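The values are calculated or read from the model by the stated rules, or taken from the named source; none is laboratory data. Quick caveat, the model's predicted, so the values are computed rather than measured. Because the Cβ atoms are built from the backbone with ideal geometry, glycine has one as well, and the counts that use them run over all protein chains shown. Accessible surface areas use protein heavy atoms only, side chains included; no ligands, DNA or RNA. Shrake-Rupley method; radii C 1.70, N 1.55, O 1.52, S 1.80 Å.
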Amino acid sequence: MKNILSQKITNAVEIGVELPKISSSIKNNLNSKFELRPYQTEGFSRFLYYFNNPKLKQKPTQLLYHMATGSGKTLMMAGLILYLYERGYRNFLFFVNSTNIINKTKENFLNPASSKYLFSNKIEINNKEIRIREVENFQTETDDFNIVFSTIQGLHSNLNTPRENQVTYDDFSDKKIVLISDEAHHLNVDTKKKLSKAETEEKESWENTINRIFRSNPENILLEFTATAGLDDSNLFNKYFDKLIFDYPLKQFRIDKYSKEVKVLQADIENFPRALQACLLSQYRRKIFEKNSLIIKPTILFKSKTIKESQSFSVEFEEKMKNLSVKDIENLSRKASTPVLKEMFAYYKKHKISFENLINELKEDFSEDKCIEINSKDESIENQILVNTLEDTDNEIRIIFAVDKLNEGWDVLNLFDIVRLYNTRNSNTKTGKIGRTTIREAQLIGRGARYCPFVIENFESKYKRKFDEDIDNELRVCEELYYHSAYNPKYIHELNVALQKIGMRPKKAKEIQLTLKDEFKESNFYKTGFVFLNERIKFDRSDIFALPDSIVKRRFHHNLHSGLTLSSQIFDKEKPQSKNTVNQIFKLSYFNDRLLRKALSKLEFYQFYNLQAFLPNLKSISKFISSDKYLGNIEIEINGTEEQLQDITNQQKLEIVKEILNIISSNIVGDSVEFKGTKRFKPHNIKSKLRNKKLNIVINENGDQEFGISQKETYNQDLQIDLSKKDWFVFNDNFGTSEEKYLVKFINDTYDKLSEKYKNIYLIRNEKHFQIYNFKDGQPFEPDFVLFLEQKQEDNSRYYQVFIEPKGEHLRLKDKWKEDFLMALKKKHLIETLWETKEYTILGMPFFTQQLRTYGFDNEFNVLIK
């Protein structure tokens, strides 16, 4: 089996190699409204690791990003463009197969007024402000970003039938170019084993043209992005195994909770009642958003099989909505049998929203001017803008009528309902093979299932599903995409198989009721006990009195150019001359105060007001230059000839200092944190934090055979425990991973020893009931378990709150920050004295890993026992 590039990098990380931090050119110049997600950060770091690793990097450089629809591929492109500009690239060629995607990308790259503009208002790299320019060719030399946008077909035509001011092959002969291919699977018509007639015709036009450009300069870079890499094809695998730098498929995107949960709603009713049912559900969802102070407008897609049918239903919908009656809604209410429809009608009833008032709302919110048809290949620019800005507050569109126009390149977050207005299937009944139409419908669902971000109290992540562990929450419907279909079990089965194939639905999932035991709810601990939690606060940096040690104690390096020029014959056997060089260490203070001030003045970052934002206790630039806490003691190791080192010119000194100061400024920004976790922990009533929950559990999806299975019913007899009979476990059961079950078994096995010392013992499985915040950077953390111990003493009672995190061996390194935080709790936490007769202590344990317990966990836990 060939070693895939992405796996090589993963293997390096697993043995302790640390991927580079994101360059400040990326971090500082992307639009701050688009918060980088962990997988995007990893995608950037993998590129930096590859690009700066001579053992991995190939020239010219071709890399593939396989990333799920909706995962932010265009933001990745923008970030990589910024970094490559920093590394000397100025010319970028963006190409794709669709004009619609070209127009959308231009908006994202070039229009600062667009809600989806990807860059900061001011792009600054190496302390120089840069512009992004759309150009027709690369014949004019500029120091800005020069980007040519083109379709693949248009690019081929321009290159092979040259015209004035258009890009030509000559543009690539003496320049290094970054080629960026979106929907890159369209490039590979020449690589697939079997070509259709259409693909055969495109063969010359696509792959060969791009390869000719790409190979015209060894410094060229080709970055390909696709959500459908098709690497199960052996020819494509052989082409890309050493180029796939990042693999983040739709399945992982969903597992990581960045998508909506997909639900299929069958109804044996005609098209208009099915459409009306979707409108009622959409309106219900809008009311739930508004109830929670969220201004989000849900939209609906009505999908027809043909343009004629779409246009016909558009007329029918408009007419019937004008004549909508109470009876129409009553019929749907009477037949409502699925949970979401029952909840919807119960909500309307509870809030006294009469059907008469509801009809008035529907007529207004789904009126003709709030519907749009996207059926023609030649849609107006106005309609293209409307359908690509559905989330904007001034965009009032609620319904889109379409056939296939939106199947690729459509970015929409607030689509919550898709209504299928036909009842056909084209699967092969003999072979059971899923039909092309069903696959395309599954892909459309995947496109619509992008999560619609919103923020509510007690949830940190704006971009993730929040209620997998609480599916009875009323906001759960705001995390679900409903696909409304006619009653057709065979089709629905095929659709589910197709959704599983693309990763949009798990093969096996179930809902689990997690219930607090009645006996526990009668205990004094539940009624009067506390859990102590800290808070996250904005870090004001008031306790920073120096640059970090990673800067002050680092020795920086600089090479002086020797200026040596050599001439030799190709077959000359004599060894080439070399110039002996030596290293010499200088203090930054060696460069006089005037020169240092000149260098600082040339770099915008070091304006005093900006420095104080990062170093608020800094009193003056003089102090910054002279103090050992700042620049005064920093060392530079300079490599050069003895003659050069004895006579470094003032201009060389200035360039050296500017180079080092640029590195220092990047480190200051990179190491800065916005939040911190407080050391003071405040009491919260246990009763207010714990409650019954219904969980949505996916079985065996991440390879853990135990997750989602009751500890009473697990096939591993060594782990079987009937927790309903264990007073110390507060919930009725445990459905966690194997490591979590091993921890519960460990507590069960040591319970008798614990009970010799402690009067009350309770173990709580933390299903998003509460979280704590890392002291260093305020990162939220939800420890899987909390063990509460009450020790009765003569004059008082002592209470221990012990956070425990079971962790698979493969995750220990990645989550090390969590273990460091847990181990810091004992010394750093602060609790106010609440009662003279009660003492509270917070502890954190080392990670619990069954196979590695003797390396720390057992020793720490024995302290509690003894």
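Distance from the Cα centroid of the range 806-846 to that of the range 93-130 is 45 Å (rounded to whole angstrom).
If R0 equals 56 Å, the separation of the Cβ atoms of residue 53 and residue 325 corresponds to a calculated FRET efficiency of about 0.20. When the square roots of the Cα gyration tensor eigenvalues are ordered a ≥ b ≥ c, the ratio a/c for the range 501-540 is 1.5 or more and a/b does not exceed b/c, which makes its shape oblate.
Based on protein heavy atoms only, the range 425-524 ends up with 48 Å² per residue of surface accessible to a 1.4 Å probe. Which whole-angstrom value gives the distance between the alpha carbon centres of the range 635-681 and the range 314-352? Using only Cα atoms, the two centres lie 66 Å from each other. In terms of overall dimensions, the range 777-820 has a Cα radius of gyration and Dmax of 14.9, 46 angstrom. Computed from backbone phi with θ = phi - 60° and the Karplus coefficients 6.51, -1.76 and 1.60, the 3J(HN,Hα) list for the range 148-160 is 9, 9, 7, 6, 4, 5, x, 4, 4, 5, 5, 6, 9 Hz; x is used for glycine and proline. Longer than 18 Å from Cα to Cα, which of 297/510; 433/490; 517/712; 297/370; 122/175 are they? Say none if no pair is. Listed pairs above 18 Å: 297/510; 122/175. Working from Cα pairs under 8 Å separated by at least six residues, relative contact order for the range 435-505 is 41 percent. Remark: relative contact order (the chain) = 10 percent; criterion is Cα-Cα distance under 8 angstrom and separation of 6 or more residues.
Its convex hull of Cα atoms gives the chain a direction-averaged projected area, equal to a quarter of the hull surface, of 45.7 nm².
Averaged per residue, the range 691-787 has 43 square angstrom of accessible surface, using a 1.4 angstrom probe with ligands and nucleic acids left out. Accessible area per residue for the range 572-667 is 58 Å², calculated with a 1.4 Å probe on protein heavy atoms, without ligands, DNA or RNA. Hey, could you get me the Stokes-Einstein D for the range 279-414, Kirkwood radius over alpha-carbon pairs, 25 °C and 0.890 mPa s, rounded to whole µm² s⁻¹? It comes out at roughly 152 µm²/s. Sequentially through the range 683-690, phi angles give Karplus couplings (6.51, -1.76, 1.60; θ = phi - 60°) of x, 10, 4, 3, 4, 7, 9, 9 Hz, Gly and Pro residues having no value and appearing as x. Protein heavy-atom surface of the range 691-774, 1.4 angstrom probe: 38% of the accessible area is carbon and sulfur, with nucleic acids and ligands not counted.
Checking the cross-link pairs 21/658; 27/629; 538/658; 741/807; 335/464 against a 23 Å limit on the alpha carbon distance flags 27/629; 538/658; 335/464 as lying beyond it. Per-residue 3J(HN,Hα) values for the range 581-588, derived from phi via the Karplus relation 6.51 cos²θ - 1.76 cosθ + 1.60 with θ = phi - 60°, read 10, 10, 10, 9, 9, 10, 7, 4 Hz in sequence order (x marks Gly and Pro). Accessible area per residue was computed with a 1.4 Å probe on protein heavy atoms; residue 228 scores about 70 Å². Entry note, the chain: the mean residue ellipticity at 222 nm calculated from DSSP H runs of n ≥ 4, each adding -39500 (n - 2.57), is -10000 deg cm²/dmol after division by the residues and rounding to the nearest 500. For the pair the range 287-308 and the range 1-70, the centres of their Cα atoms are 36 angstrom apart. In this structure, the amide hydrogen of residue 514, modeled 1.01 Å from its nitrogen in the peptide plane, lies closer than 5 angstrom to those of 693, 694, 695, counting only residues at least 5 positions away or on a different chain.
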